1. Quick one: in segment 125-148, of everything that is at pLDDT 95 or above and among the β-branched types (Val, Ile, Thr), which residue is surrounded by the most Cβ atoms within 10 Å (Cβ to Cβ)?
2. If you go through segment 157-173 one residue at a time, do you hit one that is within 10 Å of the chain's Cα centre (by Cα) and among the aliphatic types (A, V, I, L, M)?
3. For GLY70, state whether it is within 16 Å of ligand 2 (Cβ to nearest atom) and on the phi > 0 side of the Ramachandran plot.
4. Report yes if GLY175 is exposed (fewer than 13 other Cβ atoms within 10 Å of the Cβ), among the small types (Gly, Ala, Ser) and within 15 Å of ligand 1 (Cβ to nearest atom), otherwise no.
5. Could you look through segment 173-192, keep only residues that are polar (S, T, N, Q) and touching a residue at least 40 places away in the same chain (Cβ under 8 Å), and pick out the one that is nearest to PRO116 (Cα to Cα)?
6. Which ones in segment 93-124 are within 16 Å of ligand 2 (Cβ to nearest atom), buried (at least 18 other Cβ atoms within 10 Å of the Cβ) and more than 19 Å from LEU39 (Cβ to Cβ)?
7. Take ALA184 and tell me if it is within 12 Å of ligand 2 (Cβ to nearest atom), part of a helix (DSSP H, G or I) and at pLDDT 95 or above.
8. Look through segment 178-201, keep the residues that are of a type outside the set (S, T, N, Q) and surrounded by fewer than 16 Cβ atoms within 10 Å (Cβ to Cβ), and return whichever of them is nearest to VAL74 (Cα to Cα).
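The values are calculated or read from the model by the stated rules, or taken from the named source; none is laboratory data. Source: prediction; values computed, not measured. Virtual Cβ from ideal backbone geometry, glycine too; neighbours counted across all protein chains shown.
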Amino acid sequence: MLLLGLVISGSLYTVFSPAQADSQPSETEQVAKGKELFLASCSFCHGQNGEGVPTVRDGYQLGPSLVGVGAAAVDFQVGTGRMPMAQPGQQVQRKPPVFNDEEVAALAAYVASLGPGPAIPNESDYSIDDLSEEERQEAISRGGQIFLTNCTACHNFNGAGGAMPRGGYAPSLHGVEPKYIFEAMLTGPQQMPNFSNGNLSPDEKRDVIAYLGSLEETPEYAGFTLGGLGPVSEGLFAWVVGIGGLVGAAVWIASHTTRSKKSKVNA
Ligand code: HEC
Ligand code: HEC
């Protein structure tokens, strides 16, 4: 009986376990797959073991070390299509991603295995869907404050982006997925400072995400946005065009009233 039991459980195990292994790749398999992809697409710039390539070619570093940048940095860079970079240049552009979700996860697992770094955030960290309407309004107003003090200097007060020193630019934040907003803060790509969870807690990051989402819902009341350049330039525009126009109209009215015509006739 015992032997029979062992045989049955053993054969059942062999029947079911490979199926499980297929649907859920183990971590070591994922890292191995990530390493393979890495050697093919990333090692030219980031080195065979992600140690970076220090040589500077035509004034640009080929690729920095990825030891300790964490899975979040890979998910952001590869998920937004920035990496693999086509060629070293001034600023890497956002473009349609080259890898699918599974491959991005494998690359992230491999880079995470090189050294401890920030992990990919959970949906509960960045999603605002489970907030009540009241909580969401509160998050938006807190997020607006955080955005104003930490982000407007580069991304403009309405998130439209702007120019940076040395020919760089801070991109527009409109339409960026919540996960990538969270990861951008967490990992600080390029000239952007890094807002670790110690600086800006996950809740504060979610508030910023709520605020950026609310900007997209806000209708532009005026006919022209004037590029959202801010109160000074928009105010100047209002002065020059608005008040200038009023002065022009006043002059026109003054010279076309019946009284001024009469006085011309009399003269
Ligand atoms: C042509 C060279 C090149 C290739 C190919 C390339 N990278 Fe990069 N990578 C760079 C440079 C240069 C930077 C630094 C500029 C920046 O931060 O955007 C960078 C930055 C990164 C960062 C951000 C590091 C940080 O400190 O946050 C990650 C993550 C990354 N690369 C991952 C990858 C992965 C994964 C691949 C392959 C799919 C890849 N890269 C392919 C040149 C390259
Ligand atoms: C010193 C300037 C600077 C500050 C401050 C800054 N950023 Fe950035 N940000 C940048 C630059 C430059 C990039 C582009 C990086 C790249 O292309 O790799 C960027 C990229 C991003 C992206 C990625 C957008 C995309 O197209 O995928 C997000 C999201 C973002 N920033 C959010 C924020 C938030 C939120 C804050 C405030 C908590 C902030 N940034 C503060 C300069 C800045």
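1. ILE140
2. Within segment 157-173, the first condition is being within 10 Å of the chain's Cα centre (by Cα), and the residues that meet it are 171-173.
If we keep only those that are among the aliphatic types (A, V, I, L, M) too, we end up with 173.
Yes, segment 157-173 contains a residue that is within 10 Å of the chain's Cα centre (by Cα) and among the aliphatic types (A, V, I, L, M).
3. Working: within 16 Å of ligand 2 (Cβ to nearest atom): yes; on the phi > 0 side of the Ramachandran plot: yes.
Yes.
4. Working: exposed (fewer than 13 other Cβ atoms within 10 Å of the Cβ): yes; among the small types (Gly, Ala, Ser): yes; within 15 Å of ligand 1 (Cβ to nearest atom): no.
Judged against the criteria, GLY175 is not a match.
5. Filtering segment 173-192 down to residues polar (S, T, N, Q) leaves 187, 190-191.
Of the ones still in play, those that are also touching a residue at least 40 places away in the same chain (Cβ under 8 Å) are 187, 190.
Details: THR187: 13, GLN190: 20 Å.
This residue is THR187.
6. PRO118, ILE120, PRO121
7. On the way: within 12 Å of ligand 2 (Cβ to nearest atom): yes; part of a helix (DSSP H, G or I): yes; at pLDDT 95 or above: yes.
Yes, satisfied.
8. Filtering segment 178-201 for residues of a type outside the set (S, T, N, Q) gives 178-186, 188-189, 192-193, 195, 198, 200.
Then drop every residue that is not surrounded by fewer than 16 Cβ atoms within 10 Å (Cβ to Cβ), which leaves 188, 193, 198.
Numbers: GLY188: 12, PRO193: 17, GLY198: 21 Å.
It comes out as GLY188.
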